[in-house]
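The values are calculated or read from the model by the stated rules, or taken from the named source; none is laboratory data. Note that the structure is a prediction, hence the values are computed from the model and not measured. Ideal geometry is used to build each Cβ from the backbone, glycine not excepted, and the neighbour counts take in all protein chains shown. SASA here: full protein model, heavy atoms, side chains in, ligands and nucleic acids out. Shrake-Rupley method; radii C 1.70, N 1.55, O 1.52, S 1.80 Å.
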Amino acid sequence: MNYQEQAEKVIMKTYNRFPVVLEKGEGVYLYDTEGKRYLDFGSGIAVFALGYHNEAYNQALKDQIDKLIHTSNLYYNVPAIEAATKIVETTGLDKVFFTNSGTEAIEGAIKLARKYAYLKDPTKEYEIIAMDHGFHGRSQGALSVTGTKKYREGMIPKGISAVFATFNDLEDVKSKITDRTCAIITEVVQGEGGIYPANQEFLKGLRSLCDEKDILLIFDEIQCGMGRCGAMYAHELYGVKPDIMTLAKALGCGVPVGAFVASKKCSSTLVAGDHGTTYGGNPLATAAVSKVYDLFEEQKIIEHVREIGEYLGEKLDTLAQKYDMIKEHRGIGLMHGLELKPEVSVLEVIKKALKQGLILLSAGNNTIRFVPPLIIEKHHVDEMLSILERCL
Ligand SMILES: *Cc1c(COP(=O)(O)O)cnc(C)c1O
């Protein structure tokens, strides 16, 4: 069968896919159906933190498949309890709700924040402050707080859109707070928007604002969390705690699972009947989450990210100085971006790299996004750079 032709016949064309059919993976390499090897600096969009074909991870899933895959949330199950315990212990937050995706984690966080304000005063129409160029997902609720206009246009009723402020501009956020503001949502490092880390002052300022006015602070760590930035959660690097945090992407390292996690202040806001999901937190997904936390610890992933992340950062700095077509290098840990000048097309660079066996992602603003599996080694960084330089 010609897979690509068949795909275009039966799968909705909501993506312009690259002409590659991926079949299997090993460590930080992927292989297509023709046996060609690719060095992966995309990780399935910051998902496969532990690399492909990780035997311990795979075995944990196989064991769970043979025991029990699904129960619904009408009963307790052991993997969900274990996974939630690990999340609570590592975040210092209070309670977890498991979802099937990042988008749904955002939906839950938004519902929680609205209900929290509603319980204080049910007469008001509440609104959320979100950031320009922020990304939170594609459902109507998640789109309502997503800062890229083209994603929202024609997709959601105008009235449900959030109030948008400039990322890293505390004064702008301040000027938009009213007595109807129930939450402020932001990524700690903007991913989709082009790899923009938050400033220390900005996050600290948001925390003070929210404390002062009893507004909930939501950190979306779906992309920047789970070790990606050299701490288990990126906000640790800033010493600023959210009231609600969302996780997904690398949380299950490939099994579709997300979560929103709430602090003591608001962890009892949603009560029985307020929110639900059939699959969310099922034993297969949460066995994956649990194993991910164990392997992060066993393999000292955070320390590794710090070391390799610094190496990658230095190399990208050097590259940015060497090539006139590179406008700027931004990043932290193993989450980096190279913004190219407008006259150079990122897509062209990415296509060339793919031909030469290197998978790279793009992000907003003509930026090459580097989000490799967290287990990469220095020689993989060197290999990536030699291919990238040829493409530039
Ligand atoms: C990917 C992403 C989402 C959406 O997650 P899905 O699993 O695609 O629904 C939300 N927020 C951020 C920061 C993301 O990177």
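Structure summary
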read-out	value
Residue check for Pro256: in contact (Cβ under 8 Å) with a residue 12 or more places away in the chain, within 11 Å of the ligand (Cβ to nearest atom) and more than 11 Å from the chain's Cα centre (by Cα)	yes
Extreme residue, farthest from Lys249 (Cα to Cα), among residues of region 5-58 that are in a helix (DSSP H, G or I) and among the β-branched types (Val, Ile, Thr)	Val10
Of residues in region 102-132 being of a type in the set (Ser, Thr, Tyr) and part of a helix (DSSP H, G or I), the one nearest to the ligand (Cβ to nearest atom)	Thr103
Which listed residue is assigned to a loop (DSSP other than H, G, I, E, B), open to solvent by less than 60 Å² (accessible area, probe 1.4 Å) and in contact (Cβ under 8 Å) with a residue 24 or more places away in the chain, from Gly205, Gly194	Gly194
Residue match in region 186-203 (condition: among the charged types (D, E, K, R) and away from the ligand (no atom under 15 Å from the Cβ))	yes
The one condition in (1) open to solvent by less than 10 Å² (accessible area, probe 1.4 Å); (2) part of a helix (DSSP H, G or I) that Lys315 fails to fulfil	(1)
Among residues of region 296-312, those that are buried (at least 19 other Cβ atoms within 10 Å of the Cβ) and more than 16 Å from Leu247 (Cβ to Cβ), counted	4
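Quick grid of which residues meet (1) more than 16 Å from the ligand (Cβ to nearest atom); (2) free of Cβ contacts under 8 Å to residues at least 40 places away in the same chain; (3) surrounded by 19 or more Cβ atoms within 10 Å (Cβ to Cβ); (4) not in a helix (DSSP H, G or I):
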residue	(1), (2), (3), (4)
Lys62	yes, yes, no, no
Asn73	yes, no, no, yes
Tyr76	yes, yes, no, yes
Ala80	yes, no, yes, no
Ala83	yes, no, yes, no
Leu93	yes, no, yes, yes
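This table checks each residue for (1) within 30 Å of Ala288 (Cα to Cα); (2) within 14 Å of the ligand (Cβ to nearest atom); (3) open to solvent by 20 Å² or more (accessible area, probe 1.4 Å); (4) in a loop (DSSP other than H, G, I, E, B).
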| residue | (1), (2), (3), (4) |
| --- | --- |
| Gly134 | yes, yes, no, yes |
| Gly141 | yes, yes, no, no |
| Asn168 | no, no, yes, yes |
| Asp172 | no, no, yes, no |
